[in-house]
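Structure record follows, encoded as structure tokens.
Every read-out reported here was derived from the displayed coordinates using simple, explicitly stated rules and does not represent laboratory data. Since we're looking at a predicted model, the values are computed, not measured. Cβ coordinates were reconstructed from backbone atoms using ideal geometry, including for glycine residues, and neighbour counts include every protein chain displayed.
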Amino acid sequence: MHFSNFANRYQKSSGTVRLMEDLGSATSAAGPICQLGGGNPAHIPEVEAILREAMADLIADTQAFGKMIGEYDAPGGNVAFRETLAALLTDEFGWSLTHENIAITNGSQSSFGLLFNSFSGLYPDGSHKRILLPLTPEYVGYFDVGLADRPIFEGRRAEIDLLPKRQFKYRVDFEGLQLNQGHGAACVSRPTNPTGNVITDEEMAKLRAACRQEHIPLIVDGAYGLPFPGMIFTPATPLWDDNTILLLSLSKLGLPGIRTGIVVATPEVIQLIQNNNAINSLAPSRIGPTLLTPLLQRGQLQTICEDLIRPHYEQKRDHALAVIAEVMSDLPIRVHKPEGALFLWLWFEDLPVTSETLYQQLMARGVFVLPSRPFYPETERSWRHQEECIRVNYAAPDETVVKGLTEIAQVVREHFRGAAAPVTGSGGASIDP
């Protein structure tokens, strides 16, 4: 069987493929496993009870249920949901929006694919443009969506600020940013996947100004941010304007299975999304918007985020940090300051092996994490730091987190001892949020 050049990109593994294959492998494994690698949100009983009740109400409404499963929605997505969300964003953040500023997709990954390819690759004037990532490491799911023959991503290495208590924080290197007409757009996730970093308001203001000066849009991936699911544990102001494309998702509310992505942008961009939906999938799913619209209208969704989701993840974060302080006190480890999302980014300074090797060894023990290198574009210059980190999802049950982190500590400890490296850490200093 002979495939086209287009198909070749799907014939090999990638960071995104491996991420999802690991999720499947962990789910179907016969033996005990510690799933700390994928992006599955936590099962929060109180949240799932509310969602079950909302689904029961929907099922009881014969007409609404029939429309949800038996009719195509508009190419831009459910109009009632879009109108409700536009009103919420306008009231809460002062953005002047209508439903024409919002479109629904079949998951954020679909949004990335269309937007990144719309602002990169070959342009009518013969130029080739790229997507600039001002702060890497950045989400692994971005890097596999490009359809151009040449790489479409250009990353900028983060500056590192060392913090007390064995923490650190990435920040944007504005001196090395160098936005220019070779870039079709810039993109940041906020909170950042994989590190839990929340780019500061000051940094966001500088990025917005730099993008506007070069007449290129700033794409902000808010899958873990505001208004939902609200997994931000530090002060941060949500931002949007006519040069910003904001991506939201229902997944981290605890609904990854219904694949609902949301794009907030100018009507020109929204029309692009609508046309893409019609051509490639006829219409986006109705399930997520139909289920969530009543919760949005009653203001209940915001309460769920503030009273249930954010406190749950703050507690999970603090528990994971306490475990690390206990089981890794003798190791040379730093933890990126966990300001949002559901991940810890662990940096083992001068790790004797690559994070890929560590990942493979941990997986052989039934512990799933993610190595650091796939979170950088292939075109980014080699940097030893890229090989010294792993991403850990702390949303799993507490006993799974304890077991997994203990196994990680043991494997890393063996490597440092085998390399005759001093295992001094920071004198057992605590690791705090």
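Here each label is just a point 7 Å from Cα along the line to Cβ, and for Asn275 and Gln360 those points are 4.6 nm apart. Shown here are the Rg and Dmax of the Cα trace of the range 72-298, at 17.2, 54 Å. Out of the range 27-109, which GluC sites (Glu not before Pro) are coil in DSSP terms and have no more than 13 other C-beta atoms within 10 Å? Listed in order of number, the matching sites are Glu71. Scoring 391-402, 201-212 by mean Cβ neighbours within 10 Å over their residues and listing the highest first yields 391-402, 201-212. Result for the chain in a Gaussian network model with C-alpha springs under 10 Å: among Ala86, Ala49, Ala283, the largest mean-square fluctuation is at Ala49.
Taking amide H positions as modeled 1.01 Å from N, with prolines and chain starts lacking one, the residues under 5 Å from Leu163 and 5 or more places away or on another chain are Phe168, Lys169. Only helices enter this figure: runs of n ≥ 4 DSSP H residues, each worth -39500 (n - 2.57), summed and divided by the residues of the chain, yield -12000 deg cm²/dmol at 222 nm to the nearest 500.
Over the range 250-315, the pair-distance histogram of Cα-Cα distances with 10 Å bins from zero comes to 17, 40, 31, 12, 1 percent, rounded to whole numbers. What is the distance in Å between the Cα centroid of the range 32-109 and that of the range 224-281? That distance is 11 Å. Fully extending the segment from Arg384 to Thr266, taken as 0.36 nm per residue of separation minus the present Cα-Cα distance, adds 38.4 nm.
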